[in-house]
Every structure is written in C-alpha cells, then in structure tokens.
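Comments concern the structure below.
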Amino acid sequence: MSLAKFQKTLARGRQESERDPERVLGRELGNRFMAYRRQFEAAESGEGLAYPLHLDIDLTTVCQLACPMFPAGRGGEMENKFPGFGLFLDEGLYLEAVREAEKLGTPSIRFGLTGEPLLKDDIDLWVLEASKRGFIDLALITNGQLLDQRLSENLIKAGLTRMMISVDAASEETYERVRPGGNFDRLVRNIETFLRVREKLGSKLPLLRLSFVNTKINQAEAKAFKEKFSPLADYLAFQDYLDLMGRADLRVNPVKRLPKNGGFYCPDPLTRLAIHADGGLFPCCSDFGRLEPLGNLKYASLKEVWNSPQANKLRGLEGRSSLPCQECLKASGIEMSQSGQGESLGPYKIKVTDSGDLALNQSGPSFGPGLGPGMEPGMEPGLEPGFEGPKSLSPQVHGLSELGERKDLGWYFN
C-alpha cells in the first residue's frame, strides 16, 4: 500500500467513524481543542514552543496491584530501580504547577504516570482545580478497581475529558494472571457503572478508552477482548508489551534492528514535561526519562526547566544518543545496528522516538503513531479494532497518548 493510499484510508476512516475520539472531542470541546491539536502537531514537526503543551502528572508511585509488566505494584521492582517509591505528590507542588501552566497557556494534563491515581481519595478535586483553570484536555489512566459510582460521578462533574482504563483480559482467569490483586468482575461492574452515571448526567465526556497490552500471558484473548468490550468503550487500544523490567518472556514481537545513526527522532521533548511524585521534572513519560532529570518544582519553574540548556539539547540531534533514549530503545525491543543496516515497516522506513515510538520516516513526526500521555508502562499504540492498516508502528515503554499529545494512526489521539 502506498503512503498516499494509506493516508486516504486513514482519512476515510476518520470521516466514517463516529467513534473517532478526536472528532468527538472537537465537537464537544470546540475550537480551542482543535487549535490545540493543530499546535501540537506543529510542535511535533519541529516548531519551537516557549512552554510545554502537555503535562504528565505522577500523583503517586503506589499501586495496589502486582502486574508482572509493571514495577510499581505490590512486590514490584520500582524501589530497586528508581528512588521515590511509595510517594504521593504534594498538593502545594501540584497547585504551583497548574497555576504556572495556566499562565503559560499549557492546554493538556494527564493524571497518572507511575502508580494508581485513584488511590488519592480527593482525585476529583485535583481534576476540578485544573478544569476551573481552563485546561482543555484532562485525562486520567487507571486500573479501574476503585472507580465506584461516587467517584465516577465526581470525576465526570469535575470536567475530565478522557477516562483510560487498563483491562488486558477478557476472562477472570487471565485477568488474575496479568493483573494480580485485581478483580475482573468488579472491573466490569465499575465500567458499566461509569457508563450509567455518564448517561444519567447527560454527558458524552469523559470518553472511555479500554486498553489491552498484548503479552504471552493474554495474547489468546485479544479477539475476545474486542468482542466483549467494544460495545462498552468509546474506543479501544491494543498495544504490545514493551520490556521495561527485563521480562523478555512476556514479549510477543521479535527484536527490531535499526540503522545505528539514522531515522532516530523523538517528539516528546518538543511537546511535554513529566512531573513525578517527588516534584522532579523529566522530558517524557517513559520511565527511562528519569535518567535525564531536568529539575524539580521545589527549586525551579516549569518555564525555567522547559527553556534550560539541557532540555534544548534533548530536542536537538545530540539528544538522540542520550542515556534515556538508548535505554528506552532497548526496552522497546529495538537494537541499533552497528553495520548501519536496518529494518523497514512494509514500504515505509522507520523513525524511532526516544520514548520508543516507531514512526514513518518522513519530514516530520505528525503522521507518526504515538498516543502521547495516555498510555502506561508496557503499552504500545495500535489501531482501532476493525481498521485496516499496519497493526502498530509505535513501541513505547511508558504510556503516552492519549492524553493530549500526538495523533496516533487514525484512532488514538493525544
């Protein structure tokens, strides 16, 4: 399939599908949202900005589950690999960040990065604070275990625009293996309750995204997941597991080999900052971004960090060889060939972002996959079920889109 034909196919799919999340959000949120999306695509293509368009906010490094592909759960390896395990973000630091971001003009926030954001009892008030300050796109990623009727109602009323729930199974047996500590029946009840509450309140937002991270544990249930949850979700996300924790036994796809010095490009430092639970500021939502700390909210402003020499360096060619980029590539199953030879995806050459994303090798990354802040560890953006085209072009170590950032292949936006 030629690139032009592929682009036409994507465009036709957007026109025909009422489940296109960006289309729905544009209709519900209006011109400000569409202007923000255009600005985001321009930034991804290299147009410099004086401030970040998106913030990933890590409310906590704690999670009540023990997922094998994620180090922050019970019995996980986060404490050994990264300092700061067991933290909750200080409310004062959060308020300081959103106040400054409001003044700068930052339009998008995603709540959740390392741990489970619903462990904060007043999470709805944190969302409401951002909503009252005029942020356009507010997303939250969760395992859904704590999403009861009260919390669903409060989050909807607070102004959340995207609810992203990680499911990863179609049966109780598989769910218990891929998300130990969780209850599959409770999750399904919570999803159904959320939808009933949203309907009762007469709201189309937040959009509901249900995701499936494809591993050797659950890969046989991908089709069943689609059949079971497609009627419930506004859109589905299928991702491939990316090896954050040295668990190659979970990986489904083989290692990819790319040219040593070619096709490497990452839009994340051009569009976002990640705020971790200790106030640390980092260039992307990948866990490996912690290897490139840019500053801390306790000592520096968002603007100072965004315009710092270190951040600007990451946006340039020198950033390609940075430690977090290289580690992220390895965890994404990508090796840089010493011979200069690499793979291509069908007729398209590959670009690799520093968060592990693969994108088509063209003048800019605006057509590249990458869901931006809405993903989570071990997730790789894919295509909406039933949509014809490359299965996925974007391995990513830690979730991104969907929350306000890059436009994925036709269906995953932000």
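Quick notes on this one:
- Annotation note: Cβ proximity below 6 Å between a residue of region 24-44 that is aromatic (Phe, Trp, Tyr) and a residue that is part of a helix (DSSP H, G or I) and open to solvent by less than 10 Å² (accessible area, probe 1.4 Å) (sequence gap 6+ or interchain) occurs for PHE33/LEU25.
- Residue in region 236-258 that is under 17 Å from ARG110 (Cβ atoms) and at pLDDT below 95 present: yes
- Residues that are crowded, with 20+ Cβ neighbours inside 10 Å and assigned to a loop (DSSP other than H, G, I, E, B), drawn from region 184-216: PRO206, THR215
- Out of ALA97, ALA72, sole residue that is of a type in the set (A, V, I, L, M, F, W, C) and modelled with pLDDT under 95: ALA72
- Any hit, region 262-279, residues being open to solvent by 40 Å² or more (accessible area, probe 1.4 Å), modelled with pLDDT under 60 and not in a strand (DSSP E or B): no
- Each residue in region 284-317 was checked for being of a type in the set (A, V, I, L, M, F, W, C), under 24 Å from GLY115 (Cα atoms) and under 21 Å from the mean Cα position of the chain (by Cα), and 6 pass.
- Here region 128-151 is the region considered, the condition is being in contact with a strand residue (DSSP E or B) (Cβ under 9 Å, 6 or more places away or on another chain), open to solvent by 10 Å² or more (accessible area, probe 1.4 Å) and not in a helix (DSSP H, G or I), and the residue that is nearest to CYS67 (Cα to Cα) is ILE141.
- Of the residues making up region 203-217, one or more are touching a Lys or Arg at 6+ places or on another chain (Cβ under 6 Å) and of a type in the set (Val, Ile, Thr).
- In region 34-56, the residues that are basic (Lys, Arg) and under 19 Å from ALA97 (Cβ atoms): none
- Pairs where the first residue, in region 292-321, is over 17 Å from VAL98 (Cα atoms) and the second is at pLDDT 95 or above and assigned to a helix (DSSP H, G or I), C-beta under 8 Å, 6+ apart: LEU294/VAL305; ALA311/VAL305
- Being touching a residue at least 60 places away in the same chain (Cβ under 8 Å) and surrounded by fewer than 22 Cβ atoms within 10 Å (Cβ to Cβ) holds for only one residue in GLY181, GLY159, and it is GLY181.
- ILE156 vs. criteria at pLDDT 95 or above, more than 14 Å from ALA233 (Cα to Cα) and of a type outside the set (Asp, Glu): yes
- Residue match in region 102-119 (condition: open to solvent by 20 Å² or more (accessible area, probe 1.4 Å) and more than 24 Å from LEU25 (Cα to Cα)): yes
- Residues of region 12-54 that are modelled with pLDDT of 90 or more, open to solvent by less than 20 Å² (accessible area, probe 1.4 Å), in contact with a Phe, Trp or Tyr (Cβ under 9 Å, 6 or more places away or on another chain) and within 22 Å of CYS285 (Cα to Cα): ARG37, PRO52, LEU53, HIS54.
The values are calculated or read from the model by the stated rules, or taken from the named source; none is laboratory data. Being a predicted model, the structure only gives us computed values, none of them experimental. All Cβ positions, glycine included, derive from the backbone under ideal geometry; neighbour counts span all protein chains shown. Accessible surface is based on the protein model in full, side chains and every heavy atom, while ligands, DNA and RNA are left aside. Shrake-Rupley method; radii C 1.70, N 1.55, O 1.52, S 1.80 Å.
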